[in-house]
Amino acid sequence: ATRKLSECEAGSRIEGTAIYLPPEVLKGNAATYAADYWALGCLIFQLLAGMPPLRIHKDFDLDSVANRSVSFTVEEKGLFPDHFTPEVKCIIRGLLDKDRAKRLG
């Protein structure tokens, strides 16, 4: 049997792959639609690069994500593969903005 979650319940549940969770969720805040846009940015990056965006960081490990200590900066030099066009970089930067109020969507 299934039941529809109330708006309160739906907003407080955290599900998903750790490396696709946005910074605000990793800090313990409730997920909003902005979290979906973050995940979309991760997915687009992975489809085009062949790996998730957080794995590009040399010091990445899953424990850092679980412990909420990983740094989310898409603007770092060398983060984007050479074949990414300026337009793709712009979209991904917008979707992976640390500030969910400024995030595309």
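The values are calculated or read from the model by the stated rules, or taken from the named source; none is laboratory data. Note that the coordinates shown come from a computational prediction; the quantities given were computed from them, not determined experimentally. Every residue, glycine as well, gets a Cβ built from its backbone with ideal geometry; the counts of neighbours run over all protein chains shown.
Yes/no matrix, rows are residues, columns are (1) farther than 22 Å from G16 by Cβ; (2) modelled with pLDDT under 55; (3) in a loop (DSSP other than H, G, I, E, B):
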{"site": "V74", "(1), (2), (3)": "no, no, yes"}
{"site": "D82", "(1), (2), (3)": "yes, no, yes"}
{"site": "E87", "(1), (2), (3)": "yes, no, no"}
{"site": "G94", "(1), (2), (3)": "no, no, no"}
{"site": "D97", "(1), (2), (3)": "no, no, yes"}
{"site": "A101", "(1), (2), (3)": "no, no, yes"}
{"site": "L104", "(1), (2), (3)": "no, no, yes"}
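Listed by first and then second residue, the pairs with beta-carbon distance under 8 Å, at least 6 apart or on different chains, first residue in region 34-55 and surrounded by 15 or more Cβ atoms within 10 Å (Cβ to Cβ), second of a type in the set (S, T, Y), are W38/Y20; A39/Y20; C42/Y20; P52/Y20.
Has region 11-20 got at least one residue that is assigned to a helix (DSSP H, G or I), at pLDDT 60 or above and aliphatic (A, V, I, L, M)? Yes; the residues of region 11-20 include at least one that is assigned to a helix (DSSP H, G or I), at pLDDT 60 or above and aliphatic (A, V, I, L, M).
For region 29-55, a residue qualifies if it is in a helix (DSSP H, G or I) and either among the aromatic types (F, W, Y) or closer than 13 Å to G16 by Cα (or both), and the qualifying residues are Y33, A35, D36, Y37, W38, A39, L40, C42, L43, F45.
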